[in-house]
Amino acid sequence: MNQSSIEIRCPFGPQRLFMKLVLYDEIKEETSIPDYLDMEFACSDCARFYRKDHKNVYRVLHRYSIVGEYRETEIIES
């Protein structure tokens with residue numbers, strides 16, 4: 001069974017690995033993935049970075065499509 005992988009990393013500090021998607025050839029050809037399905041990751045490194053200038057930053061969220069394409073970042077304030 002052939003496989004490939006996609007690493008989901010922080011778009012601003014790529015040393016932070018959120019997850020790794022493993023794609024198997026037999027499955028990806030048969031599976032349709034909806035465009036509206038996203039993944040969201042809280043990034044403590046970015047939250048720490050933004051808190052240096054803005055003390056009221058509560059959380060930084062990075063959003064990706066289900067196939068690993070970066071979509072956007074949201075900064076949530078407390």
Unpaired by the 4.7 Å Cβ criterion, cysteines found in the chain
Cys10
Show that you can apply the helix-only estimate: for the chain, add -39,500 (n - 2.57) for every DSSP H stretch of four or more residues, divide by all residues, and state [θ] at 222 nm to the nearest 500.
-3500 deg cm²/dmol
Charged-residue dipole, Cβ positions (Lys, Arg, Asp, Glu), the chain about Cα centre, Debye nearest 20:
680 debye
Could you please report the charge total around Glu74, scoring K, R as +1 and D, E as -1 over all other residues with beta-carbon less than 15 angstrom from its beta-carbon?
-1
Sort out the exposed loop trypsin sites (Lys or Arg not before Pro) in the chain (DSSP loop, at most 16 other Cβ within 10 Å) and tell me the longest stretch that has none.
17-51
Counting all C-alpha pairs of the chain, share separated by more than 22 Å (%):
34 percent
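No value in this document is a laboratory result; all are computed from the given coordinates. This one's a predicted model, so the numbers in the text were calculated from it and none came from an experiment. Here the Cβ is made from the backbone with ideal geometry for all residues, glycine too, and neighbour counts use every protein chain on show.
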